[in-house]
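What follows is a short report on a single structure.
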Amino acid sequence: MNTVAPPTGPELLRVENLVKEFPGVVALGGVSFDLHAGEVHVLLGENGAGKSTLIKCLAGVYQPDGGTIVVDGERVHISSAAHAEQLGIATIHQEFNIVPQLSVAENVLLGRPPRRFGMVDRRRMHTLARAALDRVGLDVDLRRPVSTLGVARQQLVEIAKALSLDARVLILDEPTAALTDAEVDRLLELMAELRDKGVGMVFISHHLEEIQRIGDRVTVLRDGQSVGTVPATTGTDELVRMMVGRSIEAQYPRQQPPVGEELLRVENLTSKGHFEDVSLSVRAGEVVGLAGLVGAGRTEVLRAIFGADAYDSGTVTVRGRTVPGHDVHAAIGAGLGLVPEDRKAQGLVLGASVEENLGLAILRSATRAGLVDRARLRDQARTSVKNLRIRTPSTRATVKNLSGGNQQKVVMGKWLAADPAVLLLDEPTRGVDVGAKVEIYQLVNELTASGRGVLLVSSELPEVLGMCDRILVMAQGRLVGELTREEATQDAVMALAVKEVESSRAH
Ligand SMILES: Nc1ncnc2c1ncn2[C@@H]1O[C@H](COP(=O)(O)OP(=O)(O)OP(=O)(O)O)[C@@H](O)[C@H]1O
Ligand SMILES: [Mg+2]
């Protein structure tokens, strides 16, 4: 990626002293920043700092309670999402805005399908959608319901949708959280092209290296206030200090305890069309990583072990006892827990409170003779909120109103409360800020130090390399290799992950 010139283009957007309050929360307490043509302006801040709230005010989703928004030199009140689009502002939201039941093509052109003689022109819709998807490199059947795509590909649909608006201001709220390295590269290249064309972009990401690669300026938010705007070349330590008010010692603080008895054994697990002949084990004290490219079958394996999906053959054993297939209750009873990759669809009851969500995994053990021990659930919830530093006005707040990263912490807290023997983690730090990530890793250390085991799937290779004691690599539904902590490097893992793919292409 080439280095960036400072923004010389005209000012597209300016925000002054923006204020937005929710019951019990001042989400924005006076935020100011400006965006120029041909600039990538990064918003950086901890989970709950107010980033998404700010962009929702710019996207017409929320009406601010105070302050001003100036677009092209004129003060505006952005009354709706459609109004924002008319002003030339397109937004990729952190929580997807896709309609699961509609097809890929319908989602890309949501709200503005091409018409002919008053009817939706399906052929033209497919041509336009295909062109938009080509730009993000997504090759899927346009007629497929979006719900059948994984999170990464749903994210690409969301990006294609915003790009196809040809806006002058493009806002991207954590667009890379669900993407793999190659997809991130492609998106950043696209952003660089748009910048050359004079588009101004507001970019939110918890990955500091991306910020340095694509950003021009960075505005740091803390507790709903803008604490400063600095060049994106500012050092990581300094950015972290501005953001969390302290420096972070070790990004991956893994402490490996002595390894004990075998807790989980998976033998010859096969689910036709998804994965084949997967055998692995996790011992007490171990963090075992499952690495590979998106589509390698890692999520599917975790879900099958946990009983969330059926499998065709093979066995899952926890502490010597066979766990029946496709039976989540039995899996939980045997001592398994799963933090799923898609928190919105599988991890949370969005309309329920923080307390209720945190209690979901222990509901059975907190129930005696049909009565739920509410006091125990409340104590548990308070402990989780404190340990994970979940930012919420109270344990009774609705989970839907928490920031993305804090929702992720609730999913994590729910399973920590259940105290499983083996915790299956699927992208556990997606959308989590740099400080909170370290806290989650500390919890993983505590779990393993107390004799539990962890099986970790993550698309962030540094996280896998930094936190796992042993790494299994999957490609095309099969385990293709195992690396010790000492052997594992980014190159070694990638070499295994792509080798299989290339050799199968050659055939
Ligand atoms: N609709 C809402 N109702 C009540 N509170 C809300 C609502 N939306 C946001 N909040 C609160 O406002 C604060 C800021 O949230 P916001 O989503 O803007 O954070 P963020 O910086 O985007 O965090 P993250 O990195 O986790 O995505 C949080 O405390 C959040 O709980
Ligand atoms: Mg957010």
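Return the residues of region 96-105 that are of a type outside the set (A, V, I, L, M) and open to solvent by less than 50 Å² (accessible area, probe 1.4 Å); say none if nothing qualifies.
Residues satisfying the conditions are F96, S103.
So which residues in region 285-312 are open to solvent by 10 Å² or more (accessible area, probe 1.4 Å) and over 21 Å from E463 (Cβ atoms)?
Within region 285-312, A308, D309, A310, Y311, D312 qualify.
Given the criteria more than 16 Å from ligand 1 (Cβ to nearest atom), acidic (D, E) and within 24 Å of the chain's Cα centre (by Cα), does D426 qualify?
yes
Quickly run through region 139-197 and pick out the residues that are within 16 Å of ligand 1 (Cβ to nearest atom) and acidic (D, E).
E158, D173, E174 - these are the residues of region 139-197 that are within 16 Å of ligand 1 (Cβ to nearest atom) and acidic (D, E).
Residue-by-condition table, conditions (1) in contact with a Leu (Cβ under 7 Å, 6 or more places away or on another chain); (2) in a helix (DSSP H, G or I):
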position	(1), (2)
A131	no, yes
L138	yes, no
D141	no, no
R153	yes, yes
L156	yes, yes
L165	no, no
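Here is a check on your reading of the model: is Q63 exposed (fewer than 15 other Cβ atoms within 10 Å of the Cβ) and modelled with pLDDT of 95 or more? Can you show your working first?
Values: exposed (fewer than 15 other Cβ atoms within 10 Å of the Cβ): yes; modelled with pLDDT of 95 or more: yes.
So Q63 passes the test.
I want to confirm something. Restricting to region 379-408 and keeping residues that are crowded, with 22+ Cβ neighbours inside 10 Å and within 9 Å of ligand 1 (Cβ to nearest atom), which single residue is nearest to T53 (Cα to Cα)?
The extreme case among them is S403.
Sort out which residues of region 71-84 are within 26 Å of the chain's Cα centre (by Cα) and crowded, with 19+ Cβ neighbours inside 10 Å, and write them in order of number.
Correct list: A84 only.
Taking G215 as the residue in question, decide whether it is at negative phi, assigned by TED's automatic domain parsing to the domain that holds P114 and of a type in the set (G, A, S).
Criteria met by G215.
Kindly indicate which of V136, V146, V71, V108 is at pLDDT 95 or above, outside the structural domain of S403 (by TED's automatic domain parsing) and over 22 Å from L402 (Cα atoms). Give the steps one after another, and end with the answer.
Numbers: V136 fails: at pLDDT 95 or above; V146 fails: at pLDDT 95 or above; V108 fails: at pLDDT 95 or above.
None of the others qualify; the one that does is V71.
List, please: which pairs have Cβ atoms under 6 Å, are six or more places apart or on different chains, and start with a residue in region 1-28 that is outside the structural domain of V220 (by TED's automatic domain parsing) and end with one that is open to solvent by 70 Å² or more (accessible area, probe 1.4 Å) and modelled with pLDDT of 90 or more?
Once the first residue is outside the structural domain of V220 (by TED's automatic domain parsing) and sits in region 1-28, its partners that are open to solvent by 70 Å² or more (accessible area, probe 1.4 Å) and modelled with pLDDT of 90 or more give M1/R213.
Output the number of residues of region 42-78 satisfying the condition of being over 15 Å from K20 (Cβ atoms), away from ligand 2 (no atom under 16 Å from the Cβ) and not aliphatic (A, V, I, L, M).
Count: 4.
Suppose we filter D196, D223 for residues that are open to solvent by 50 Å² or more (accessible area, probe 1.4 Å) and within 16 Å of ligand 2 (Cβ to nearest atom); which single one remains?
D223
Name, by its number, the condition in (1) closer than 15 Å to R265 by Cβ; (2) surrounded by fewer than 23 Cβ atoms within 10 Å (Cβ to Cβ) that does not hold for V282.
(2)
Whether any residue in region 19-40 is of a type in the set (D, E), within 16 Å of ligand 2 (Cβ to nearest atom) and open to solvent by 20 Å² or more (accessible area, probe 1.4 Å) is what I want to check.
No - not one qualifying residue is present in region 19-40.
If the requirement is being within 16 Å of ligand 1 (Cβ to nearest atom), among the aliphatic types (A, V, I, L, M) and out of contact with any Gly (no Cβ under 7 Å at 6 or more places or on another chain), which of these qualifies: V454, V432, V444, V438?
V438 is the lone residue from the list that is within 16 Å of ligand 1 (Cβ to nearest atom), among the aliphatic types (A, V, I, L, M) and out of contact with any Gly (no Cβ under 7 Å at 6 or more places or on another chain).
If you go through region 336-354 one residue at a time, how many are crowded, with 23+ Cβ neighbours inside 10 Å and of a type in the set (V, I, T)?
Total meeting the criteria: 2.
Before we move on, is A488 in a loop (DSSP other than H, G, I, E, B) and open to solvent by less than 30 Å² (accessible area, probe 1.4 Å)?
Considered against the rule, which asks whether it is in a loop (DSSP other than H, G, I, E, B) and open to solvent by less than 30 Å² (accessible area, probe 1.4 Å), A488 comes out as yes.
Condition first: surrounded by fewer than 17 Cβ atoms within 10 Å (Cβ to Cβ) and touching a helix residue (DSSP H, G or I) at 6+ places or on another chain (Cβ under 6 Å). Can you find one or more residues in region 6-16 that meet it?
no
Residue check: is G325 open to solvent by less than 70 Å² (accessible area, probe 1.4 Å), within 26 Å of M412 (Cα to Cα) and not in a loop (DSSP other than H, G, I, E, B)? Break it down into steps so the answer makes sense when it comes.
On the way: open to solvent by less than 70 Å² (accessible area, probe 1.4 Å): yes; within 26 Å of M412 (Cα to Cα): yes; not in a loop (DSSP other than H, G, I, E, B): no.
No: the conditions fail for G325.
What is the one condition in (1) under 30 Å from R143 (Cα atoms); (2) in contact with a Lys or Arg (Cβ under 8 Å, 6 or more places away or on another chain); (3) more than 16 Å from ligand 2 (Cβ to nearest atom) that E95 does not satisfy?
Evaluating E95 over (1) under 30 Å from R143 (Cα atoms); (2) in contact with a Lys or Arg (Cβ under 8 Å, 6 or more places away or on another chain); (3) more than 16 Å from ligand 2 (Cβ to nearest atom) leaves (3) as the failure.
The values are calculated or read from the model by the stated rules, or taken from the named source; none is laboratory data. Keep in mind it's a predicted model, so treat the numbers as computed, not measured. Ideal geometry is used to build each Cβ from the backbone, glycine not excepted, and the neighbour counts take in all protein chains shown. When the accessible area is computed, the model is the full protein with side chains, heavy atoms only, and any ligands, DNA or RNA have been set aside. Shrake-Rupley method; radii C 1.70, N 1.55, O 1.52, S 1.80 Å.
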